[in-house]
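Right, one structure below, let's go through it.
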């Protein structure tokens, strides 16, 4: 009698199946879709964006909270979306609006004693703040893209949670973690064993389904290994790679996928981030940690 073999399902099939089968997270909030479409249209105006955002008072409130945060340092309080657009520009407010509309997707309660979707959202907020700080320090005009990319970098974990909670529990079980969430084993390796793909794969596929800019799909897909990207596509992913590790050092939130928080020197070299500049940004992040953790709650 021949031995029974388990069919090997390739990674692309695993990811496509998960994206197809998950429920509400597979669909961007309707207002977010409108914002993305509107800003990508060359005929759109600031008034058009203001009109769309103004239909959702809760979204307005979250956007203004970000705009008025210490991360922007604008003079005086900005009390209207229209004023925010004038001060920051259409593209910046679009990115903040997309970020602010994602909060409702990070729900689902406690999965294990060491992990809940809220922990991941907290970590994502701090990573977004750190990414913006790094981009600001580099003066390359990517700060708002970096903020959104930092917020979304781990969204593949939410895909896993929606697709198969039991398997994600098994991943956390294999990884283990101390009281501070520091893992004892490699998270991505455990994901490959249990799911057949990693949160990078799931996150990248979700960005493509949502028709978000290619840069966001690359960040979600390569934030653990940004130097594997073509040179011209590395910058944003490298920024989020460093920001992720900075956020992992801030108390609270999610860091199960980081066995250590020391950035690869080659990534720092790519960004031309000196040890002095890195420490300066870290100090800035720590000073604003409480604000960062609740920025888009």
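Looking at the structure I just gave you, is residue 249 free of Cβ contacts under 8 Å to residues at least 12 places away in the same chain and surrounded by fewer than 17 Cβ atoms within 10 Å (Cβ to Cβ)?
It is false that residue 249 is free of Cβ contacts under 8 Å to residues at least 12 places away in the same chain and surrounded by fewer than 17 Cβ atoms within 10 Å (Cβ to Cβ).
Kindly evaluate residue 185 against the criterion of being in a loop (DSSP other than H, G, I, E, B) and either in contact with a strand residue (DSSP E or B) (Cβ under 8 Å, 6 or more places away or on another chain) or within 22 Å of residue 198 (Cα to Cα) (or both).
So residue 185 fits the description; yes.
So which helices (runs of 4 or more DSSP H) stay within region 69-141 end to end and still have 3 or more residues that are buried (at least 23 other Cβ atoms within 10 Å of the Cβ) and under 21 Å from the mean Cα position of the chain (by Cα)?
Ranges flagged: 90-101, 117-138.
Among (1) outside any loop (DSSP other than H, G, I, E, B); (2) more than 19 Å from the chain's Cα centre (by Cα); (3) touching a residue at least 40 places away in the same chain (Cβ under 8 Å), which single condition is residue 44 missing?
Against the list (1) outside any loop (DSSP other than H, G, I, E, B); (2) more than 19 Å from the chain's Cα centre (by Cα); (3) touching a residue at least 40 places away in the same chain (Cβ under 8 Å), residue 44 comes up short only on (1).
Report yes if some residue within region 257-267 is out of contact with any strand residue (DSSP E or B) (no Cβ under 6 Å at 6 or more places or on another chain), assigned to a helix (DSSP H, G or I) and either loosely packed, with under 15 Cβ neighbours inside 10 Å or in the same structural domain as residue 39 (by TED's automatic domain parsing) (or both); otherwise report no.
Scanning region 257-267, I find at least one residue that is out of contact with any strand residue (DSSP E or B) (no Cβ under 6 Å at 6 or more places or on another chain), assigned to a helix (DSSP H, G or I) and either loosely packed, with under 15 Cβ neighbours inside 10 Å or in the same structural domain as residue 39 (by TED's automatic domain parsing) (or both), so the answer is yes.
Mind checking whether some residue in region 146-154 is more than 20 Å from the chain's Cα centre (by Cα) and either part of a loop (DSSP other than H, G, I, E, B) or over 19 Å from residue 296 (Cα atoms) (or both)?
no
Of the residues 55, 5, only one is over 22 Å from the mean Cα position of the chain (by Cα), modelled with pLDDT of 85 or more and outside any helix (DSSP H, G or I); which?
One residue alone meets the criteria, 55.
Please specify each residue of region 20-30 satisfying the condition of being surrounded by fewer than 19 Cβ atoms within 10 Å (Cβ to Cβ) and within 19 Å of the chain's Cα centre (by Cα).
24, 26, 27, 29
Inspect region 233-244 for any residue being surrounded by fewer than 18 Cβ atoms within 10 Å (Cβ to Cβ) and part of a loop (DSSP other than H, G, I, E, B) and give the result as yes or no.
No - not one qualifying residue is present in region 233-244.
Being touching a helix residue (DSSP H, G or I) at 6+ places or on another chain (Cβ under 8 Å), within 30 Å of residue 45 (Cα to Cα), in a helix (DSSP H, G or I) and modelled with pLDDT of 85 or more: is that true of residue 168 here?
no
Between 208, 191, 160, which is in contact (Cβ under 8 Å) with a residue 60 or more places away in the chain and part of a helix (DSSP H, G or I)?
160 is the lone residue from the list that is in contact (Cβ under 8 Å) with a residue 60 or more places away in the chain and part of a helix (DSSP H, G or I).
The values are calculated or read from the model by the stated rules, or taken from the named source; none is laboratory data. Note that the structure is a prediction, hence the values are computed from the model and not measured. Cβ atoms come from the backbone with ideal geometry, glycine included; neighbour counts cover every protein chain shown.
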